[in-house]
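Shown next, in structure tokens, is the structure this report addresses.
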Amino acid sequence: MKTRVTSPFCLALVNLLSCLAVAQSGPPPLCKPCLFYAGDFDMNDPNSLAFDDENTLAYPDTSTYGAVQIPRNHTVLVEGLLFQIIFDGAVKLDPDEVTWEIRAGVSEGIGGNVVASGHMFGPALQPTGRFGNGPEYSVAVKVSPPVMLGAGTYWFNVTPLCLNKHDSICASPAYSSGASNTTQQANNVRGVLQPKHQIFVNSSALSYDWRNWCDFQNQQACASLSFGLIGKLLK
């Protein structure tokens, strides 16, 4: 397992006060209209970390999924997904592409059913001003066509790609990306809709077949994933 445990300090060529000065306040600007946002990564919490989430030549097919529970008698329209990603090494996609999925029925050892999936060239990337083992970026994709979801629990993923065989960075174990957790849920939007301890990883590189991250982490670290849904509440 190579989950990146982050330092409580800003790991950049600036001090912590400078990092805090440029960090976003409020939900991510790319989460608009923001149907759901779980909350921010906390640079000062020792339980803050980034869960492996990448498809690279060094670590292929490794994806982390976060859950949202839509209440009874409600329907939402998902128009986009946003994941907070910490890049350990170069901040790049090669090709400039990510994949995304929406699933239902995920549990330990079971991947459930794919509700919708796709890939997007040229996803939106925006620095958050926060740092772990590297800078954190909001990575947002458009879900086209939009997906209507009724009551129930669904799992969401956005995975960055670096699969260019002619790019040495993509083959280097030093380059990786991970999905941020959120321990304090600062700036959340309907963050209560994320059920606790329902973050799963599926990885051929790490030989994890739909494992709950709580199998490897303490209960505070594995409680909530920092991601968002872009869309509308229909009823």
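So Val114 clears everything in (1) of a type in the set (A, V, I, L, M); (2) crowded, with 20+ Cβ neighbours inside 10 Å; (3) without any contact (Cβ under 8 Å) to a residue 24 or more places away in the chain except one condition, right? Which one? Against the list (1) of a type in the set (A, V, I, L, M); (2) crowded, with 20+ Cβ neighbours inside 10 Å; (3) without any contact (Cβ under 8 Å) to a residue 24 or more places away in the chain, Val114 comes up short only on (2).
Going residue by residue through region 95-108, is there one that turns out to be in contact (Cβ under 8 Å) with a residue 12 or more places away in the chain, in contact with a helix residue (DSSP H, G or I) (Cβ under 6 Å, 6 or more places away or on another chain) and surrounded by fewer than 16 Cβ atoms within 10 Å (Cβ to Cβ)?
As a first pass, look at region 95-108 and keep what is in contact (Cβ under 8 Å) with a residue 12 or more places away in the chain: 95-104, 106-108.
Then drop every residue that is not in contact with a helix residue (DSSP H, G or I) (Cβ under 6 Å, 6 or more places away or on another chain), which leaves none.
No, the conditions are met nowhere in region 95-108.
Counting only residues that are surrounded by 24 or more Cβ atoms within 10 Å (Cβ to Cβ) and acidic (Asp, Glu), region 145-167 holds 0 of them.
Looking only at region 124-142, which residues are surrounded by fewer than 22 Cβ atoms within 10 Å (Cβ to Cβ) and either touching an Asp or Glu at 6+ places or on another chain (Cβ under 6 Å) or outside any strand (DSSP E or B) (or both)? Step through it out loud before you land on a result.
Of the residues in region 124-142, the ones surrounded by fewer than 22 Cβ atoms within 10 Å (Cβ to Cβ) are 124-127, 129, 133, 135, 142.
Matches in region 124-142: Asn133 only.
Out of Ser204, Ser224, one residue alone is under 27 Å from Arg72 (Cβ atoms) and among the small types (Gly, Ala, Ser). It is Ser224. When only residues in region 197-233 that are within 15 Å of the chain's Cα centre (by Cα), of a type outside the set (Gly, Ala, Ser) and outside any strand (DSSP E or B) count, which is nearest to Leu81 (Cα to Cα)? The extreme case among them is Ile199.
Here, each number is a calculation from the coordinates, and none is a lab measurement. Computed from a prediction, not measured in an experiment: that's the story for all the values here. Methodologically, a virtual Cβ is constructed for each residue, glycine included, from the backbone with ideal geometry; neighbour enumeration extends over all protein chains shown.
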